[in-house]
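The values are calculated or read from the model by the stated rules, or taken from the named source; none is laboratory data. This one's a predicted model, so the numbers in the text were calculated from it and none came from an experiment. Note: ideal-geometry Cβ built from the backbone for every residue, glycine included; neighbour counts use all protein chains shown. Protein only, heavy atoms only, side chains kept; ligands, DNA and RNA dropped before computing areas. Shrake-Rupley method; radii C 1.70, N 1.55, O 1.52, S 1.80 Å.
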Amino acid sequence: MQLNDKIYIAGHRGMVGSAIKRRLELLGYKNIVTRSSGELDLRSQAEVGNFFALEQPDYVFLAAAKVGGIHANNTYRAEFLYENLMIEANIIHASWKQGVKKLMFLGSSCIYPKMAPQPLQESSLLTGPLEPTNEPYAVAKIAGIKLCEAYRDQYGCNFISVMPTNLYGIGDNYHPENSHVLPALIRRFHEAKEAGKPSVTVWGTGIPRREFMFADDLADACVYLMLHYDEKELVNIGTGEDLSIRELAETVKEVVCYEGKLVFDPSKPDGTPRKLMDVSKLHSLGWNHSVELKDGLVQAYADFLRKRHLVIS
Ligand SMILES: NC(=O)C1=CN([C@@H]2O[C@H](COP(=O)(O)OP(=O)(O)OC[C@H]3O[C@@H](n4cnc5c(N)ncnc54)[C@H](OP(=O)(O)O)[C@@H]3O)[C@@H](O)[C@H]2O)C=CC1
Ligand SMILES: C[C@H]1O[C@H](OP(=O)(O)OP(=O)(O)OC[C@H]2O[C@@H](n3cnc4c(=O)[nH]c(N)nc43)[C@H](O)[C@@H]2O)[C@@H](O)[C@@H](O)C1=O
């Protein structure tokens, strides 16, 4: 990937896409193509086909998707399956048709079976039943992986798939119900502190374990793999470190300086008991994360404070 090559970032206004754009710009890439969902609806095969024929990008980062936390995944099951299938199929097919040199597809750790051995190895794909709350999203993401593999097998396309762990960072979604746990807790603790509330409710039992990666670290890994990895097999992207939701809540509470209590609501779903990535392949390829959770949380909270008039509606 040369500095003047044309690079299309699908989803450049999202948390991950914007981090990839920042990283590429920092490295000196000068020919980045973007479209918002208002300008180009990636669910439309015709619009995507016309866009690729017009722009003819050399490289594609596929970071556009319908994204959300456990509640959104479980509630908007049809949209999570349909929209993600359409977005991936349209972009991957158009990339083949227009001769894109290389494409990176972003999946998710939720593609692995609910009870797969921990840490999650790339070889666990399709070895057992999925977590029911995010099965539609996971099925769409698995279809994306299989599309990349099929276009590679049949047409020799250099399409690679990476599986990020749970992410957080600059430009996260702070919706009270539809967001992921980490931004949800930043907002809830902050609002409880402002309102002087004596307790904050955390969904589920607090027992599930999750791994969290700062989105700018993920972006660095994506650009690194775009430059250095050309194989068919997936690559997990994570830190290799996890903690319980209770421990996460205690850490967010400390960063936000909230002094009340935690209350758990077991009527809300826990989801997968544990999602810890095996990152030995990523490490063997020469990449390691650099932002630790506490430091990333401080940056994320600062970003929330800067933008809260925009994110809180
Ligand atoms: N966040 C996380 O914890 C994780 C995310 N991932 C994956 O990383 C990728 C990016 O996620 P993230 O940045 O968090 O998500 P965001 O919701 O922040 O961003 C998603 C982007 O996709 C774009 N998009 C959605 N639907 C359409 C559409 N129909 N047409 C055009 N653009 C569309 C949006 O564009 P616009 O802003 O213009 O509307 C938005 O900028 C996804 O593939 C996700 O599955 C993987 C693991 C964990
Ligand atoms: C990235 C990943 O994101 C989703 O899966 P998930 O890992 O379960 O993500 P989550 O962040 O929403 O929850 C993590 C844990 O945290 C608990 N939890 C506590 N309190 C809140 C809370 O206030 N909000 C949320 N969302 N969860 C909470 C919650 O009950 C659960 O035990 C997938 O659907 C899938 O889309 C996917 O790929």
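Going from most exposed to least, what order do S37, S244 have by accessible area with a 1.4 Å probe? Kindly include the intermediate steps, with their values, before the conclusion.
Values: S37 90, S244 15 Å².
From most exposed to least exposed: S37, S244.
Can you list the residues, at least 5 places off or on another chain, whose amide H is less than 5 Å from the amide H of K268, using H built in the peptide plane?
HN-HN under 5 Å from K268: G204.
Roughly speaking, what is the centre-to-centre gap between region 49-67 and region 241-293 when only Cα atoms are used, to the nearest Å?
When both Cα centres are located, 32 Å separates them.
Mind checking the log10 I(q)/I(0) for the chain at q = 0.07, 0.12, 0.15 Å⁻¹? Debye, one equal scatterer per Cα, no solvent, two decimals.
The calculated log intensity ratios at q = 0.07, 0.12, 0.15 Å⁻¹ are -0.26, -0.79, -1.24.
Given Cα pairs under 8 Å that are at least 6 residues apart, what percent is the relative contact order of the chain? Don't skip to the end; give the middle numbers.
On the way: 607 pairs, mean separation 61.5, N = 313.
Relative contact order here is 20 percent.
Quote the relative contact order of region 188-301 in percent (integer), defining contacts as alpha-carbon pairs under 8 Å separated by 6+ residues. The partial results should precede the final answer.
Details: 153 pairs, mean separation 50.4, N = 114.
This gives 44 percent for region 188-301.
For the chain, what is the mean residue ellipticity at 222 nm derived from helices alone (per DSSP H run of n ≥ 4: -39500 (n - 2.57); sum divided by total residues; nearest 500 deg cm²/dmol)?
Values: 10 runs with 137 residues, N = 313.
So the helix-based figure for the chain works out to -14000 deg cm²/dmol.
If amide H atoms are built 1.01 Å from N in the plane of the peptide, which residues on other chains or at least 5 residues away come under 5 Å of the amide H of R274?
R209
If I take every Cα pair under 8 Å that is 6 or more residues apart in region 68-155, average their sequence separation and divide by the length, what percent do I get for the relative contact order? Don't jump to the answer; show the numbers that get you there.
Details: 83 pairs, mean separation 35.9, N = 88.
Value for region 68-155: 41 percent.
I'd like the FRET efficiency for T201 and E241, computed as 1/(1 + (r/R0)^6) with the beta carbon distance as r and R0 of 30 Å, rounded to 0.05. Working shown, then result.
Numbers: r = 26 Å, r/R0 = 0.87.
Working from the Cβ atoms, E equals 0.70.
What is the packing order of peptides 57-66, 282-291, taking the mean over residues of other C-beta atoms within 10 Å and listing the highest first? Can you show the working numbers first?
Numbers: 57-66: 23.8, 282-291: 15.4.
Packing proxy ranking, top to bottom: 57-66, 282-291.
Tell me, in nm to one decimal, what length is gained between D295 and A46 on full extension, where the rule is 0.36 nm per residue of separation less the Cα-Cα distance?
Values: separation 249, 0.36 × 249 = 89.64 nm, distance 4.35 nm.
Residue separation times 0.36 nm, minus the Cα-Cα distance, leaves 85.3 nm.
Report, in whole Å, the centroid distance computed from the Cα atoms of region 169-237 and region 110-129.
20 Å
Any chance you could run the full-extension gain for S284 through Q154? It's 0.36 nm times the residue separation minus the Cα-Cα distance, nm to one decimal. Working shown, then result.
Working: separation 130, 0.36 × 130 = 46.80 nm, distance 2.84 nm.
Taking 0.36 nm per residue and subtracting the Cα distance, the gain is 44.0 nm.
Using label points projected 7 Å from each Cα along Cα→Cβ, tell me how many nm separate Y224 and H93, to one decimal.
3.5 nm
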